[in-house]
């Protein structure tokens, strides 16, 4: 039974280009399916989460991360009476705008793009699904519903001040009401991202040998989970012990969000999706106690994983790849593939050309960026 404040596909604000809707799928299901079938979604298979894609087959990539986020998001949306298909669509698409090499690649590209308006992966995700995917006869992009685009643009909260150019361009044609909070479905997708990476980064860090199970037993939530596993399953082998403990950590986070958000939604008095947007504050959140615990876990991961010497060394190497490729393509745009040359010819100034180069580089997988760097620069 869906709540009155959920997003109803029958009440959608529609698509920028009007289409005949499916007789078998809701508009939000179609959005989800178009995202899954997009080129940008497939490329997430070979894009960094923390470890560069070729460093190991067992580490998360952007694709597996996005699938995990979507699974968590559907669970929480269902428990709160929200629209699961819309939540899933936003969760699956939330990382489409990431560059190769994760946040390291984004930082490098943002610095290079500073004279041309910067680079923002959330805005780039909107640009991808509204412009850069070019497969349909009647429109560029995926022609997603207003609700899905709204969720992509502001799942982390209202977007105010100077807008990233990739978002401003589309918003001028199709107002996403960026000054308000997004739907509860989009808020669920945002917190599901936190749940997923806090859990799987512990798992990947253990697998990479950056810290041990004993090291993380001192962390809040995690220590209690290991203690429970040891009580229930004494002398369990390390691999199963790790899995059993971390699945409990996962459960604690999900249960906390559902409990707190259910109370916030009831307290809000919201009776429609628009009421949620107009509240002026989020309704999906962790409890203050769990949020404090997660800050401790994130500080540990920052020190022991994201800034581990081996990770920092790889960050240095891949930053150089982006820093080399960008000026090369900017000065020699004929090196861009033939299908990009029409855009190049339409570029009226250096800023427009730089944004085309940024679009091209940001779409690269880790593997392709490394291959192109070797092929073009030795």
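Of everything in segment 315-343, what is under 18 Å from residue 103 (Cβ atoms) and either modelled with pLDDT of 95 or more or over 27 Å from the mean Cα position of the chain (by Cα) (or both)? Give them in sequence order.
Of the residues in segment 315-343, the ones under 18 Å from residue 103 (Cβ atoms) are 315-323, 325-326.
Residues satisfying the conditions are 320, 321, 322, 323, 325, 326.
Checked against (1) over 19 Å from residue 69 (Cα atoms); (2) surrounded by 13 or more Cβ atoms within 10 Å (Cβ to Cβ), residue 238 meets all criteria but (2).
For segment 1-16, residues that are part of a loop (DSSP other than H, G, I, E, B) and more than 19 Å from residue 177 (Cβ to Cβ) total 4. Every test in (1) out of contact with any helix residue (DSSP H, G or I) (no Cβ under 9 Å at 6 or more places or on another chain); (2) under 21 Å from residue 155 (Cα atoms) is passed by residue 23 save one, and that test is (2).
In the set (1) touching a helix residue (DSSP H, G or I) at 6+ places or on another chain (Cβ under 8 Å); (2) outside any loop (DSSP other than H, G, I, E, B); (3) crowded, with 17+ Cβ neighbours inside 10 Å, residue 180 fails one condition alone, (2).
In the set (1) modelled with pLDDT of 95 or more; (2) in a loop (DSSP other than H, G, I, E, B); (3) touching a helix residue (DSSP H, G or I) at 6+ places or on another chain (Cβ under 7 Å), residue 81 fails one condition alone, (3).
Figure legend. Inter-residue proximity from segment 53-79: first residues surrounded by fewer than 20 Cβ atoms within 10 Å (Cβ to Cβ), second residues assigned to a helix (DSSP H, G or I) and at pLDDT 90 or above, beta-carbon distance below 6 Å, spacing 6+ or different chains. Indicated pairs: 63/44; 63/45; 74/84; 74/88; 78/84; 79/258. Residues of segment 88-98 include none that is crowded, with 18+ Cβ neighbours inside 10 Å, modelled with pLDDT of 95 or more and out of contact with any helix residue (DSSP H, G or I) (no Cβ under 7 Å at 6 or more places or on another chain). With respect to (1) in a loop (DSSP other than H, G, I, E, B); (2) surrounded by fewer than 22 Cβ atoms within 10 Å (Cβ to Cβ); (3) touching a residue at least 24 places away in the same chain (Cβ under 8 Å); (4) in contact with a helix residue (DSSP H, G or I) (Cβ under 8 Å, 6 or more places away or on another chain), the lone exception for residue 139 is condition (4). Taken together, 249, 296, 257, 312 contain a single residue that is touching a residue at least 40 places away in the same chain (Cβ under 8 Å), over 30 Å from residue 169 (Cβ atoms), surrounded by fewer than 16 Cβ atoms within 10 Å (Cβ to Cβ) and under 24 Å from the mean Cα position of the chain (by Cα), which is 296.
Being in contact with a helix residue (DSSP H, G or I) (Cβ under 9 Å, 6 or more places away or on another chain), farther than 30 Å from residue 179 by Cα and surrounded by 13 or more Cβ atoms within 10 Å (Cβ to Cβ) narrows it down to one residue among 328, 290, 279; which is it? If you could, list the steps in order and put the result at the bottom.
Values: 290 fails: farther than 30 Å from residue 179 by Cα; 279 fails: farther than 30 Å from residue 179 by Cα.
Just a single option satisfies the conditions, and that option is 328.
Restricting attention to segment 192-236, the residues being closer than 27 Å to residue 73 by Cα and in a helix (DSSP H, G or I) number 24. Scan segment 88-136 residue by residue and report those that are within 17 Å of the chain's Cα centre (by Cα) and not in a helix (DSSP H, G or I). 94, 95, 96, 97, 98, 99, 100, 101, 119, 120, listed by residue number.
Residue 369 falls short on exactly one of the conditions (1) part of a helix (DSSP H, G or I); (2) surrounded by fewer than 17 Cβ atoms within 10 Å (Cβ to Cβ), and that condition is (2).
The values are calculated or read from the model by the stated rules, or taken from the named source; none is laboratory data. None of the values given here were measured: they were computed from a predicted structure. Quick reminder, even Gly has a Cβ in these numbers, built from the backbone with ideal geometry, and neighbours come from all protein chains shown.
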